Amino acid sequence: METHSIAAIAAALTRAWEAGRICPHVGAGARARILALARLADQGLFPREEALQAAREAEALALCFSPLPTGDVP
């Protein structure tokens, strides 16, 4: 049984990104991957449990990258 939906994982990742806890570059890619997984599962092209696991993996990866410093880069 699913403890979290794929959409809930995408929403949690978005909140982390908006709060400045993760790199927006990595967060955007991970979120896009999670949304693609949801579409594939909804279309029956990817087993839902496998899509949920892959979404969790994308979220975990994104949470490993902190934001880059702001400001001018020499």
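The values are calculated or read from the model by the stated rules, or taken from the named source; none is laboratory data. All figures in this text were calculated on a predicted structure; none of them were measured in a lab. All Cβ positions, glycine included, derive from the backbone under ideal geometry; neighbour counts span all protein chains shown. For accessibility, only protein heavy atoms count, side chains too; no ligands or nucleic acids. Shrake-Rupley method; radii C 1.70, N 1.55, O 1.52, S 1.80 Å.
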Residue-averaged [θ]222 nm for the chain, counting only DSSP H segments that reach four residues, each worth -39500 (n - 2.57): -21500 deg cm²/dmol
Accessible surface of the chain, 1.4 Å probe, proportion on carbon and sulfur as whole %: 59
Per residue accessible area of the chain, 1.4 Å probe, in Å²: 67
Phi-based couplings in Hz for the range 52-68 (Karplus 6.51, -1.76, 1.60; Gly and Pro marked x): 5, 5, 5, 5, 4, 5, 5, 4, 4, 4, 4, 5, 7, 10, 7, x, 6
Sparse-neighbourhood loop sites, trypsin sites (Lys or Arg not before Pro) in the range 3-47 - DSSP loop, at most 15 other Cβ within 10 angstrom: Arg21
Under Karplus coefficients 6.51, -1.76 and 1.60, residue-wise ³J(HN,Hα) of the range 13-18 in Hz, glycine/proline x: 5, 4, 4, 5, 5, 5
Linear extension gain, Ala11 paired with Arg56, 0.36 nm per residue minus alpha-carbon span: 15.0 nm
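Compute the FRET efficiency between Arg39 and Ala19 as 1/(1 + (r/R0)^6), taking r as their Cβ-Cβ distance and R0 = 25 Å, and round to the nearest 0.05.
Rounded to the nearest 0.05, the efficiency is 0.45.
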Cut-off 11 Å, label 7 Å out along Cα→Cβ of Glu49, residues of the range 1-37 by amide N: 1-2
Sequence-separation-based contact order of the range 16-74, relative, with Cα cut under 8 Å and 6+ spacing, percent: 47
